[in-house]
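Participant: Attaching a single structure in structure tokens format; questions to follow.
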Amino acid sequence: MSGGGIHPAQPFREAAKDTLADAQMRRNLRHATTTIREKRQRAVAELPDWEALRLAGAAIKDEALSRLGELLPQLEEAVTKAGGKVHWARDAEEACGIVAEIAASHGAREIVKVKSIATDEIDLNHALEAKGIHAVETDLAELICQLGEDRPSHILVPAIHRNRAEVRDLFRAKLGADLPTDEPAALAGAARTYLREKFLTTKVAVSGANFAVAETGTVCVVESEGNGRMCLTLPKVLITVMGIEKLLPRWEDAATFLRLLPRSSTAERMNPYTSMWTGVRQGDGPGEFHLVLLDAGRTDVLKDEVGRQTLRCIRCSACLNVCPVYERAGGHAYGSVYPGPIGAILTPQLLGMHDGNANTLPYASSLCGACYDVCPVRIDIPEVLIYLRGKTAHALPEKTAMKAVAWAMGDPGRFKLAIRLARLGQGPLVHDGVIRWLPGMLGGWTAVRDAPSLPKRSFRELWRERDEVKGA
Amino acid sequence: MTIDLFVTCVNDALFPETGMATARLLERLGHTVRFDERQTCCGQMHLNSGYPKEAIGLVRRFVEIFEGAEAVVAPSGSCVAMVRELYPRAAEWAGDHELAERARGLKVYELSEFLTGVLGLEDVGAYYPHHVTYHPTCHAMRLLKVGDAPLRLLRKVRGMTLVELPQAEGCCGFGGTFSVKNPETSAAMLADKVRAVMDTRAEVCTAGDNSCLMHIGGGLSRLRSGARAVHLAEILAGTEASA
């Protein structure tokens, strides 16, 4: 299986227990994120105007988001004029239905896919499978996930949790490849042999989009392998599924993002393959082009003044690579094709904070702020995390405790009394000056950490004594 | 200068010595330190844990107590970040624009940025004969952007050997209620931090925030590592007489 949608099957804490215990995954992830983190740092440091670029990127996205109502019809008009067809999908089901119908109208039993998170979000592969159409992932890492019946765990590097040895075993088993070594060139060669045949024999391709330019109707896909380029140019029919927030107002805006995206995502100055197309052109590329514009909760996110900055996201994954929680828990713990810090704010907003599993995601952060520092479009992820936490329906025991603390803190006398009571209450728990076991909600803390005990005197008591000594 | 000490609730209840050390240090530098007994908590835990309504009451209290102060100094990066970065936003989210404006007018400083930035000091006359490693806490580093201010202060401490902490900028995994709500992931982060501290062979890990130090120190203590966590203020307040 590949793809998988955005509905977490369990709360983050539960899901993370499994992934944290996977020693191989932990090693793979630590190695991969540390490497890419350092590379990004170097790639970004080369540009003296990086902060100005970030500001420009954020401003363009904010403008596009505030003008979606006029820009989307403008895009539709431009695409239509260039010989393409635009479809509007309110939700995942509608989008999958549109793609399946187009594929079926060409009698396709198999389609090739360009790496695309939007189609993973709507779980297109499963929807197509249910209609007897097999989707072949052509991005190397997506292919690894698909062949391994595994879920992607990273936006850009879906198989980041796997290492070379694991990939070799998989290709031997699933592709029957003769692989004496696990050298990257040998692994890529095995995938190439398999994929080339697919590119040449498949009639329908499905892609996502990194950007679409409203004024020209141009759609853009940015990639590293060239497999995307194969899908975008060889098959007769191309279907692109794109979230409505991927829109840019003007052609020149693309320049800003073609500078921001590669350095943030793969730490490259420029990505190897940038494909741009406008509608169809006789004798060059697909003869039929469909653009499916996907809402699936985005207009709801747009309505929220604080949350809407999430829609600036260009899916670069820089926030995943620097996130200490992602590095340990891994992408699968987030239960959505959007993992990491951006997933922790995007998934619950797309689904709504009433989703009992998705609403645990904003808590999957220590609020360290590393994600905001690297975000190329300056999404203040910690701010949105805190904001979304404020929309949680809390469990009663926690709510009672938090309200009690707030009440105690509302008055210095009550605070003083609370300290005194806690000092009395801690008595049996204190050994050698520390607390090694705490009950209930606090038990997770003392599982691996000692907790400090309250000293005999609080600061305010010491301060008063000092003043009395001084006064005397 | 008359300095208002915001000791923070965590220090008040659990680490009073940090508050006393902060006061001793500022007084040694020739300033008058006031402690307004009405103060309690900045509300960070409530805002960050999803209780904005409860937090806003504490925001208002803080603003009313410290409005008009010449300088409020707190030995905690995250509490100061809460006041400076999050108070205005929390007030705006609650629809209280006036409170947001009043919050923007507060003059609240984290100890190391106050010493280096406002007082223009690096050598505060401290003596601390130990091997020490420094952990930059996330909120001081990323929200307050204190940069190397704590390190500049530490480098001038006499008798001390400062050892560089590997992967210093990685979060220790505390994150307030994060360590309670996701204790396993938090523990995995702590494991790496504790390993880094132990790799330095320093006997003291210092930082500008006792909440992070409570976490790191809790791990060091559980492992009987022999290393302990000490707040920056206590090092800077150290003298030959106190050693």
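The values are calculated or read from the model by the stated rules, or taken from the named source; none is laboratory data. This structure is a prediction, so every number in the text was calculated from the model and none was measured. Cβ sites come from the backbone with ideal geometry, for glycine too, and all protein chains shown count toward neighbours.
Participant: Restricting attention to segment A:432-463, which residues are more than 34 Å from the chain's Cα centre (by Cα) and more than 7 Å from chain B (Cβ to nearest Cβ)?
Facilitator: Selection gives A:ASP432, A:GLY433, A:ILE435, A:ARG436, A:TRP437, A:LEU438, A:PRO439, A:SER453, A:LYS456, A:GLU461.
One line per residue, one yes/no per condition, for (1) closer than 30 Å to A:ARG449 by Cα; (2) within 14 Å of another protein chain (Cβ to nearest Cβ); (3) part of a loop (DSSP other than H, G, I, E, B):
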residue	(1), (2), (3)
B:LEU154	yes, no, no
B:LEU165	yes, no, yes
B:PHE174	yes, yes, yes
B:VAL180	yes, yes, no
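Participant: Right, next: Considering only segment A:243-274, state which residues are within 12 Å of A:GLU223 (Cβ to Cβ), modelled with pLDDT of 95 or more and β-branched (Val, Ile, Thr).
Facilitator: Result: A:THR274, single match.
Participant: A further question follows. Any idea which of A:ALA191, A:ALA177, A:ALA130, A:ALA118 is in contact (Cβ under 8 Å) with a residue 40 or more places away in the chain and farther than 24 Å from A:LEU29 by Cβ?
Facilitator: On the way: A:ALA191 fails: farther than 24 Å from A:LEU29 by Cβ; A:ALA177 fails: in contact (Cβ under 8 Å) with a residue 40 or more places away in the chain; A:ALA130 fails: in contact (Cβ under 8 Å) with a residue 40 or more places away in the chain.
Being in contact (Cβ under 8 Å) with a residue 40 or more places away in the chain and farther than 24 Å from A:LEU29 by Cβ holds for just one of A:ALA191, A:ALA177, A:ALA130, A:ALA118, which is A:ALA118.
Participant: Quick check: anything in segment A:412-429 outside any helix (DSSP H, G or I), of a type outside the set (A, V, I, L, M), outside the structural domain of A:ALA58 (by TED's automatic domain parsing) and free of Cβ contacts under 8 Å to residues at least 24 places away in the same chain?
Facilitator: Looking through segment A:412-429, none of the residues is outside any helix (DSSP H, G or I), of a type outside the set (A, V, I, L, M), outside the structural domain of A:ALA58 (by TED's automatic domain parsing) and free of Cβ contacts under 8 Å to residues at least 24 places away in the same chain.
Participant: What pairs come out if I take residues in segment A:160-174 that are without any contact (Cβ under 8 Å) to a residue 12 or more places away in the chain and pair them with residues that are assigned to a helix (DSSP H, G or I) and surrounded by 14 or more Cβ atoms within 10 Å (Cβ to Cβ) whose C-beta lies under 6 Å away, six or more apart or interchain?
Facilitator: Note: no pairs meet the criteria.
Participant: Only residues that are away from chain A (no Cβ under 11 Å), surrounded by 20 or more Cβ atoms within 10 Å (Cβ to Cβ) and in contact with a strand residue (DSSP E or B) (Cβ under 6 Å, 6 or more places away or on another chain): list them for segment B:7-39, please.
Facilitator: Matches in segment B:7-39: B:LEU26 only.
Participant: Within segment B:142-152, track down each residue that is in contact (Cβ under 8 Å) with a residue 24 or more places away in the chain and either under 30 Å from B:SER49 (Cα atoms) or within 10 Å of chain A (Cβ to nearest Cβ) (or both).
Facilitator: B:LEU143, B:LEU144, B:VAL146, B:ALA149, B:PRO150
Participant: Which residues, counting only those in segment A:430-472, are in a loop (DSSP other than H, G, I, E, B) and in contact with a strand residue (DSSP E or B) (Cβ under 7 Å, 6 or more places away or on another chain)?
Facilitator: A:LEU438, A:ASP450, A:SER453
Participant: Name the residues in segment A:420-431 that are at the interface with chain B (Cβ under 10 Å from one of its Cβ atoms) and aliphatic (A, V, I, L, M), would you?
Facilitator: Listed by number, the list holds a single entry, A:ALA422.
Participant: Residue check: is A:THR274 closer than 30 Å to B:ARG89 by Cα, in contact (Cβ under 8 Å) with a residue 24 or more places away in the chain and surrounded by fewer than 19 Cβ atoms within 10 Å (Cβ to Cβ)?
Facilitator: For A:THR274, the condition - closer than 30 Å to B:ARG89 by Cα, in contact (Cβ under 8 Å) with a residue 24 or more places away in the chain and surrounded by fewer than 19 Cβ atoms within 10 Å (Cβ to Cβ) - is not met.
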